[in-house]
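In what follows, a single structure is set out as structure tokens and then discussed.
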């Protein structure tokens, strides 16, 4: 269970709506626990950056991967598109990722592994962090950097659900809908998220390219239902009524 620096181990003292920031890169390739306060939220909860070795917990979700993404109006009336990632992500897929400082970081990671192939997972995290998803061109770039075949990289990407094989919104929202959270109203949280984001359905991206909402089986916070993750930010005790405020704080 993730713990914020300075907080009691038993999660005592957590405030309603507390946020945790999980550094994907640190989870993928760092053995050190990173504890860094990022600030306070309006409801009194604190935001922390925390990272430790990934526990390989699989997050399964309906992400539209096996069905076409709608480019027309949804049943709820929202226009749904598979928009490319926005913000800091590289939309120009021909721009290399593993150059300069990123290449130096990859080399540092490679020095920790017996073979280049063994560093495939963190390399994919670096690619996705830069571009927002793992494209066919990205797969080829990773394969070249690690001196392995694109087919091998593709097999790994298709196995793990945390790698996006199509563009997603700038804010990728995962909602826990497993049994404890469902009992506490997770389905209503999902409905509120779909309504306020304009996504219309799980796995689809809003017309403005800002949001994608998906389900996950467990975020490990059953006592603080309903938890969601927005990119790498963990938000606990979300209710249908708090969704609007949470989304309004996103840039």
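For residue 238, state whether it is modelled with pLDDT of 95 or more, within 19 Å of residue 121 (Cβ to Cβ) and crowded, with 18+ Cβ neighbours inside 10 Å.
no
Does segment 138-155 hold any residues that are over 15 Å from residue 99 (Cα atoms), under 22 Å from the mean Cα position of the chain (by Cα) and surrounded by 15 or more Cβ atoms within 10 Å (Cβ to Cβ), and which are they?
Scanning segment 138-155 gives 139, 153, 154.
The values are calculated or read from the model by the stated rules, or taken from the named source; none is laboratory data. This one's a predicted model, so the numbers in the text were calculated from it and none came from an experiment. Positions of Cβ are generated from backbone atoms using ideal geometry, with glycine treated the same way; all protein chains shown enter the neighbour counts.
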